[in-house]
Amino acid sequence: MSHIKNEEVWRFVLAGTSCMLAASVTNPIDVIKIRMQLENEMAEQKGLSHLKGRYYNGWVKGCATIVKDEGIAGLYKGVVPSLMREGSYSTIRLGAYEPLKKMFGATDPAHTPLWKKICSGAISGAIGSSIATPTDLVKVRMQAEGKLAEGEKKRYATTFSAFREIFREGGVHAMYVGVGPTVKRAAILTATQIPAYDHSKHVILNAGLMSEGIPLHVTASMIAGFCTACTTSPVDVVKTRVMNQCQITKPYKSAFDCFSKTIRAEGPLGLYKGFIPNWMRIGPHTIVTFFVFEQLRKLIGMVPV
């Protein structure tokens, strides 16, 4: 047991720090993912195929296209609201996970039932995202904006002007566009990512396959990243599309409407648009997050997750 002062406070501080660092590393992949999720949106209703004529054709070509059109800076669009999001949402979801787990009666990290971990993750993720939705909204809209036509103005000049303009459009309600799918995604993501890391790590430890340390942290992170990409991709597509629509022309009445229209227009695979960049983002994001989180805990004398 660790005996450092203000351990609960330190847990939140270290959680936010590790997640913000991970977000800064993976922002380019996040931009590509957003572009691919929005590409050829509802194409079949326009008599087109959502699989043909794609501008961002795959995450590697998509990356090259963005750099060609917008320079390296294009890959870092939305990085400020992304860091604001991680500093609020992820600080809460990762920092509150262990206290919530204890509330469910988890006293032995090595032998805690998986359901307690899943419930703890879902609750912490939902709370964090419900608070941080405005930062997520601005992040999505800034990352979604590609190459501008001649004479076309940027949707938002800066991060803070984006907050002002969105609030001016519709008040607090406009700031929380997409809160439903955002909270659902966060609950699913956190109920998968942190428990998958926590559980796989202790399964490996209990089996004597590896000992506590960096190789174990990276292995458990890789497992958690893949599991998270599989469970979150459909709701992530819905969240991105609902958040990106403007207040005047709204093709989706709700998250469920977006889900059903996407299925009808693009088939089930439409919900997995951007899966590869989603996985390529969540994988490194998970690895960096837990690697830094564990190392910072070790540095100040806290026990591992």
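The values are calculated or read from the model by the stated rules, or taken from the named source; none is laboratory data. Only a predicted model underlies this, so the values are computations on that prediction, with no experimental measurement involved. Virtual Cβ from ideal backbone geometry, glycine too; neighbours counted across all protein chains shown.
Observations on the model:
- Contact map, the range 248-264: first residue touching a residue at least 40 places away in the same chain (Cβ under 8 Å) and more than 19 Å from Asn40 (Cβ to Cβ), second residue aliphatic (A, V, I, L, M) and crowded, with 20+ Cβ neighbours inside 10 Å, Cβ cut-off under 7 Å, separation 6 or more or different chains; pairs are Ala255/Val238; Ala255/Val242.
- Residue tally, condition surrounded by 14 or more Cβ atoms within 10 Å (Cβ to Cβ), in contact (Cβ under 8 Å) with a residue 24 or more places away in the chain and assigned to a helix (DSSP H, G or I), over the range 132-171: 18
- Selection count, the range 136-191, where residues are more than 20 Å from the chain's Cα centre (by Cα), acidic (Asp, Glu) and modelled with pLDDT of 95 or more: 1
- Where Tyr89 falls short, out of the listed (1) surrounded by 19 or more Cβ atoms within 10 Å (Cβ to Cβ); (2) not in a helix (DSSP H, G or I); (3) not hydrophobic (A, V, I, L, M, F, W, C): (2)
- Complete set of residues in the range 59-96 that are without any contact (Cβ under 8 Å) to a residue 60 or more places away in the chain and not small (Gly, Ala, Ser): Val60, Lys61, Cys63, Thr65, Val67, Lys68, Ile72, Leu75, Tyr76, Val79
- Subset of the range 230-259 [loosely packed, with under 13 Cβ neighbours inside 10 Å and part of a helix (DSSP H, G or I)]: Phe256
- Of the criteria (1) more than 19 Å from Pro251 (Cα to Cα); (2) in a helix (DSSP H, G or I); (3) small (Gly, Ala, Ser), which one Ala174 fails: (1)
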